[in-house]
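A short reminder: the numbers here are calculations on the coordinates, not readings from a lab. Computed from a prediction, not measured in an experiment: that's the story for all the values here. Cβ: placed from backbone, ideal geometry, glycine included. Neighbour counts: every protein chain shown.
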Amino acid sequence: MPGTLSSLVQRVEPRFERISDGIEMISGLFPPGVAAFQTTRSDGASVGAYGGFNLASHVGDQDESIRQNRNRLEKCCATKPVWLEQIHGARVLELDGSEYRAGPMPAADAALTGQSGHASVVMTADCLPILVSLTHAPCVLAIHAGWRGLAAGVIEAGLQAAAARLRGPDQWSIWLGPCIGPDSYEVGPEVREAFLDQSPLAGSAFRESPTKAGKFYADLRALAQQRIFRWFERHPDVLLTGGSEIGASGRPIRIGINNECTYQNQARYYSFRRDSVTGRMASLITLKPI
């Protein structure tokens with residue numbers, strides 16, 4: 001973490017509170033007025049390779065199973081997710097109306113909304129889900145961050161879109177969810193080079209494979225945090241650094257991390273790298289009232 005930010009960051013230990021089988025609320029991180037949820041593969045109508053609570057319509061699962069799973073998610077979370085066609089890019093979709101609820105899914109890898117009733121949602125099965133909220137500005141953001149999206153700047157694009165809605169400096173709450181872990185995510189040298197070309201600090205997020213020459217293990221969460229902190233270091237004006245409005249923590253950046261590995265936890269999470277044919281979890285965030 002850059003030294004200039006170390007005193008501005010509070011590490012928070014989020015809690016998962018079960019809402020229903022396969023649906024958990026993320027508690028203890030986000031401010032009042034924001035609700036965030038993470039799904040698992042538990043329960044659900046899907047069977048076979050998709051067994052459990054698959055929410056993706058593009059992976060080959062039965063349409064009726066997906067419909068039942070999505071309906072239960074909407075009912076339990078009392079909100080309408082806007083599902084994206086995720087393309088491992090850096091486009092941010094701003095959800096300002098109901099026009100996205102019908103027709104083809106919009107192509108984007110992040111979703112932002114300032115309206116209650118809309119849920120910003122991303123689907124993952126090894127990639128890193130990131131959820132973001134602001135304490136004073138009505139704005140919530142969900143980001144789908146695989147290595148290609150990270151390198152393309154999806155985090156920076158999402159944070160910039162959220163910053164455009166600021167009423168003034170604010171307190172930011174950021175959650176990094178379950179993804180493939182640094183002991184399981186084997187990549188080639190081209191992935192490492194893509195990040196090193198942008199910052200030499202990225203080298204610390206890779207370690208050489210002890211068994212395969214030219215291969216590396218990548219830490220998606222470390223890469224994401226580097227980019228998050230670098231963005232804030234370049235935009236210090238977005239941070240509320242004093243006064244009673246900042247809240248009890250006294251820190252303008254609050255970060256919570258789920259360190260679970262999707263690849264290693266087959267009972268709880270889908271993993272594309274592990275299974276190839278599989279379902280997807282959802283990470284979603286919404287403004288209350290819901």
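Listing for the model above:
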{"item": "Subset of the range 191-240 [of a type in the set (Gly, Ala, Ser) and within 18 Å of residue 259 (Cα to Cα)]", "result": "204, 205, 218, 222, 224"}
{"item": "Selected residue [surrounded by fewer than 18 Cβ atoms within 10 Å (Cβ to Cβ), free of Cβ contacts under 8 Å to residues at least 60 places away in the same chain and in contact with a helix residue (DSSP H, G or I) (Cβ under 6 Å, 6 or more places away or on another chain)] from 194, 213, 202", "result": "194"}
